[in-house]
Structures are given as C-alpha cells and as structure tokens.
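These notes concern the structure reproduced below.
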Amino acid sequence: MRIEENYSLAPHNTFGISARCSTFVEYSNTEEAIKAAAMIRQQSANGKKECLVIGGGSNLLLTRDIDGLVVRSSVRGITLTEQPDGSAILRCGSGEVWDDVVAWTVERGFPSLVNLSLIPGDVGASAVQNIGAYGAEVGAFISMLHAVDISTGKTVAIPGSECGYGYRDSRFKHEWRGRYLITHVDYAIARSAQPMLDYGNIRTELERRGIVNPTPQQLREVIIAIRRSKLPEPSELGNAGSFFKNPVVERAEYEALSAKWPSMPHYEADGGKVKIPAGWLIDQCGWKGRSMGRAAVYDRQALVLVNLGGASGSEVVALCRAIQEDVSSRFGISIEPEVNIV
C-alpha cells in the first residue's frame, strides 16, 4: 500500500489544479483496501474527519487543500466469464483505466460498452458517477460492485440494481457518499448487443466513411474521432470533460422554449421529459471561447471549461457561476455541474 505525506494532488486531477493533501493512500488489492478503511476510521476517531476518495481525477475540481486523507484505488485486472449464448460477466479492478476496459472488450468482439469510448477516468469512479455518452450509461451494464465498507472494514457485494443509477447519479453520490472503497466492478455484456447509433452525429460520421454495418472496432474509431474533435487533451489544456449536466425539463417547458427558439436541439428522456444540451444553451449565451482570468470555455465545445494555465479552482468556479446565471436569465433553466467540486 502506498502512503505519502504532504502530497501534491496536481497529478491526480485533469484540471491540473495545484492542491495538496495531508496524507495520500493508494490501495492495490482488497486486503489493502481493508487497511485503508482502518486508516479512515482511525483518522475520524482522532477528530480529523475529512477524507476524499478519488479515481483518475477526471471529474474533480479542487478548490483547496485537503486537511486529511485522500484515498485512491490502483486495483488492476480484467477477467471475462463468457456463457454459451454469447453473454458474459466482465470483472474489472476499480483502478483500471476505463477506456482501456472498453478497448479490451471491443478487441474481443463485445460492443456493449463501445458508446462509452474515450471517457476519461477509472473504473471505480465511473461506477460512482454513472458515466454516459451517446445515449449509453454505464449503470445499465453494472451487475455487481465489490467494495469494503469503511465503517466496518468488511467486504460487501452490491447489486447494480441497488445503486440507484440515474442521469450522472447514484447512491454513492448521496446517502452512500464516503461509505465504501470499491475494489472491483462486474459488467453484464454480450456479443449480440446493439449499440446506439442515432445519438449525436455518430450515424452521420459513419455514412461519411461509407460504413453501413459498423464492426465494434469501426464504431469505436468513429466515436473516438468525434470526441477528439470536440474535447481538448487534459495534458495540453487542463479540463474535466463535460462540466455541466444536460438539463432535463418537463415537455410543456420544452415546447414553450422551442416555440421561442425553434432550433433548440433536444433528446427524449425518461418519464416523457426532454433533455436539452447544456452546451447549446451556453453557446447561445455567447460563452464559447470566452475567458475569466485563467479559466475559459473551450472554443470548440461550450460544455467544456478549461484551465488556460495556472488557474485556481476558485477561478473555474467563478466562471461556472457566471455561466449558470446567464443561462438561467435567458432561458429560465438551471444547469448543474457534472464535476465534483471540492
């Protein structure tokens, strides 16, 4: 188990924000996760209650130093148990890089997760966040999570159906926040899965390439190309991908808005509601490419906030709030950060 004191978190957040923690702990297996849970309990008993569990830091905005523990998984390993009917259970260590997992499954002819290609972050954090893209969400594939209950130090297995998955949401972000250290995640996947092609401009790009019936690898290449055309590499320009959730509104509200803005894009959501792209709303308010101090809105995708170099977390938060106020003022819609702000 890796333990570091007075540790810089700059390598562990894709915004590239400079912040430090009192103690950094990284566990690489279940036994070490049990020890890490004991450290958290001991810290709490000593009156220091702050503990932050992170993944790859791709959905994290740090606004201050952490006076306490920061815990991260480096549990590795990918195994596949396939059934005769083509279905399979995929088990991944929570410290595996998510996109490496997608690539691994695609190479073996499983298209289930392909729409989630190139989303940054680790397996454990993806399950907490319920990452999604192009009409797919990871929670739909999670069959079981394996974790250590911090309060008891005991291992638990949690069915995916009990995790309360919703749009970029789960019980891990609410009543279970800070309760578990995830060690492995199981996914139910299948060779016969039919990925969604009619979301965003996937089908348009396939047609441009002359592809009618894409293989999983061809579809992955298209999705990666689309994402790279819109999103900056964190190594070149610090960012956390999509900063805001797409707001979901009642149909009557959408119809009133679309009467005023006929070009407003939208997608059908559960319960008869309508999802409106936050990037479009932000772009209509004139924010694309604009900056406030050392933080800015990316000039190719208004949904992405970037660190122009040396920005503090507070500068990014100030930009976030200014955008929220403008969108609310113009459209009467509240947009919420997807990023975890600490």
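Summary table below
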| quantity | calculated |
| --- | --- |
| Residue under evaluation R64, criteria (1) charged (D, E, K, R); (2) surrounded by fewer than 18 Cβ atoms within 10 Å (Cβ to Cβ); (3) not in a loop (DSSP other than H, G, I, E, B), criterion not met | (3) |
| One residue from L90, L80 being under 27 Å from F141 (Cβ atoms), open to solvent by 50 Å² or more (accessible area, probe 1.4 Å) and in a strand (DSSP E or B) | L80 |
| Close pairs (7 angstrom Cβ cut-off, 6 or more residues apart or separate chains): more than 18 Å from V71 (Cα to Cα) and acidic (D, E) in segment 148-175, at pLDDT 95 or above and assigned to a helix (DSSP H, G or I) anywhere | none |
| Residues satisfying the stated conditions in segment 51-81, i.e. of a type in the set (S, T, Y) and closer than 25 Å to A295 by Cα | S58, T63 |
| Scope segment 108-119; condition touching a residue at least 40 places away in the same chain (Cβ under 8 Å) and either out of contact with any Asp or Glu (no Cβ under 7 Å at 6 or more places or on another chain) or open to solvent by less than 10 Å² (accessible area, probe 1.4 Å) (or both); matching residues | G109, F110, P111, S112, L113, V114, N115, S117 |
| Selection status of V101, touching a strand residue (DSSP E or B) at 6+ places or on another chain (Cβ under 8 Å), surrounded by 15 or more Cβ atoms within 10 Å (Cβ to Cβ) and closer than 29 Å to G313 by Cα | no |
| Meets criteria (touching a Phe, Trp or Tyr at 6+ places or on another chain (Cβ under 7 Å) and within 29 Å of P216 (Cα to Cα)) for I202 | yes |
| Filter result for E50 (at pLDDT 95 or above and either more than 17 Å from G95 (Cα to Cα) or open to solvent by less than 40 Å² (accessible area, probe 1.4 Å) (or both)) | no |
| Failed item, numbered, when G95 is tested on (1) at pLDDT 95 or above; (2) more than 23 Å from E4 (Cα to Cα); (3) in a loop (DSSP other than H, G, I, E, B); (4) not aliphatic (A, V, I, L, M) | (2) |
| Selection within segment 151-200 - open to solvent by less than 80 Å² (accessible area, probe 1.4 Å), β-branched (V, I, T) and over 28 Å from R227 (Cβ atoms) | T152, V156, I158, T183 |
| Conditions (1) more than 27 Å from Y167 (Cα to Cα); (2) surrounded by 15 or more Cβ atoms within 10 Å (Cβ to Cβ); number of the one not met by A133 | (1) |
| Of all residues making up segment 154-169, the number that are more than 26 Å from E31 (Cβ to Cβ) and touching a helix residue (DSSP H, G or I) at 6+ places or on another chain (Cβ under 9 Å) | 6 |
| Scope segment 38-90; condition more than 24 Å from V102 (Cβ to Cβ) and hydrophobic (A, V, I, L, M, F, W, C); matching residues | A38, M39, I40, A45, C51, L52, L61, L62, I66, L69, V70, V71 |
| Positions within segment 33-61 being assigned to a loop (DSSP other than H, G, I, E, B) and out of contact with any Ser or Thr (no Cβ under 9 Å at 6 or more places or on another chain), in sequence order | N46, G47, K49 |
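The values are calculated or read from the model by the stated rules, or taken from the named source; none is laboratory data. Only a predicted model underlies this, so the values are computations on that prediction, with no experimental measurement involved. Here Cβ is always computed from backbone atoms with ideal geometry, including for glycine, and neighbour counts include all displayed protein chains. Remember, those area values only see protein heavy atoms, side chains included, never the ligands or the DNA or RNA. Shrake-Rupley method; radii C 1.70, N 1.55, O 1.52, S 1.80 Å.
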